[in-house]
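Worksheet: the structure to be examined is printed underneath.
Every number in this text was worked out from the coordinates using simple rules, so none of it is lab data. All figures in this text were calculated on a predicted structure; none of them were measured in a lab. Backbone-built Cβ (ideal geometry, glycine too); neighbour counts: all protein chains shown.
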Amino acid sequence: MIIFVNIGVDLKSVNLIPVLILTGLTGCYSPPEISPMAAPEGDYVLDPAHASVIWSVKHAGLSNYTARFDEISGALTFDPENPENSRVDIIIDPNSVSTGDPDFDAEIASKSGYFDGDTYPQIRFVSTDIVKTGENTGKITGDLTFRGTTLPVTLDTVFNGAGKSFGHPGKTLGFSATAQIKRSDFGMTNLINFGIGDEVSLVIETEFNEK
């Protein structure tokens, strides 16, 4: 945001003010440190304002139908020296599904053939194993509980770094992850025979703030 301030100078000088303000803001930013060792050990809480779970399925082979969940919470216990000992617990409200069509959102959130959110009000992922695959990459395997069924799922994960998030006094850790699941494994088979894909692709972005 650019702010114009009247400081009693010639109007020609006022044109410099936005530049000075933007320069000052740029100077406040420091890139995150990519090494996990830069992150303090301890407990972190998910920042829902900077987190997203996006899912997509094939639509009659013509496109990837894409939607997201708007309400996500979670916690992370992070061990920088031994990331394999870290633990993450994520909870998603299925009733917060967002497709861009509020009427369709209400239908798939509540109906038994879809998310059945009244019967199963949580989608939960709890990590059980972490394998480091690179300096800042790894595979996080955990128990995914969805529609009353719990199955192992593996997230291909990138540690984006440890840095400062505006408005938060401590460190913030950023992660990106992807995964694929079959919705039929969790009892959601509606419309598969009509060309709506069984395989669901997940794209996850998260920031965790130090407690």
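Here r is the Cβ-Cβ distance between PHE194 and SER96 and R0 is 25 Å; the resulting FRET efficiency, rounded to 0.05, is 0.45. The order of the peptides 30-41, 136-147 by mean Cβ neighbours within 10 Å, most packed first, is 136-147, 30-41. For the pair ALA106 and GLU41, label points projected 7 Å from Cα toward Cβ lie 5.2 nm apart. In order along segment 129-141, the phi-based Karplus estimate (6.51 cos²θ - 1.76 cosθ + 1.60, θ = phi - 60°) of 3J(HN,Hα) comes to 7, 10, 10, 7, 10, x, 4, 9, 10, x, 10, 9, 9 Hz; Gly and Pro are listed as x.
Could you point to the label whose value was computed as semi-axes √(5λ) of the Cα gyration tensor in Å for the structure here, given [x] 38, 25, 15; [y] 36, 19, 13; [z] 27, 21, 18? Read-out taken from this structure: [x].
Sorted from fewest to most neighbouring beta carbons within 10 Å, what does the list TYR44, TYR114, TYR65 look like?
Details: TYR44 24, TYR114 18, TYR65 14.
By the 10 Å Cβ count, ascending, the order reads TYR65, TYR114, TYR44.
Between amide H atoms placed 1.01 Å from N, distances below 5 Å from GLY42 occur with PHE78, all of them 5 or more places distant or on a separate chain. If I take R0 = 35 Å and measure r between the Cβ atoms of LYS164 and ASP143 in this structure, what FRET efficiency does the formula 1/(1 + (r/R0)^6) give, to the nearest 0.05? Efficiency computed from Cβ-Cβ geometry: 0.60.
Distances between placed amide hydrogens fall under 5 Å for SER86 paired with ASP79, all partners being 5 or more residues away or on another chain.
Taking the 0 to 90 degree range and rounding to the nearest ten, how far is the long axis of helix 16-27 tilted relative to the main principal axis of the chain, both from C-alpha atoms? Here the helix axis deviates by roughly 60 degrees. The 3J(HN,Hα) values that the Karplus relation (6.51, -1.76, 1.60; θ = phi - 60°) gives for segment 159-176 are, in residue order, 7, 7, x, 10, x, 10, 10, 4, x, 10, x, x, 6, 10, 10, x, 9, 10 Hz. Gly and Pro appear as x. Anything over 25 Å Cα to Cα? Flag those among LYS58/LYS111; LYS182/LYS211; LYS164/LYS211, in the order listed. Over 25 Å Cα-Cα: LYS182/LYS211.
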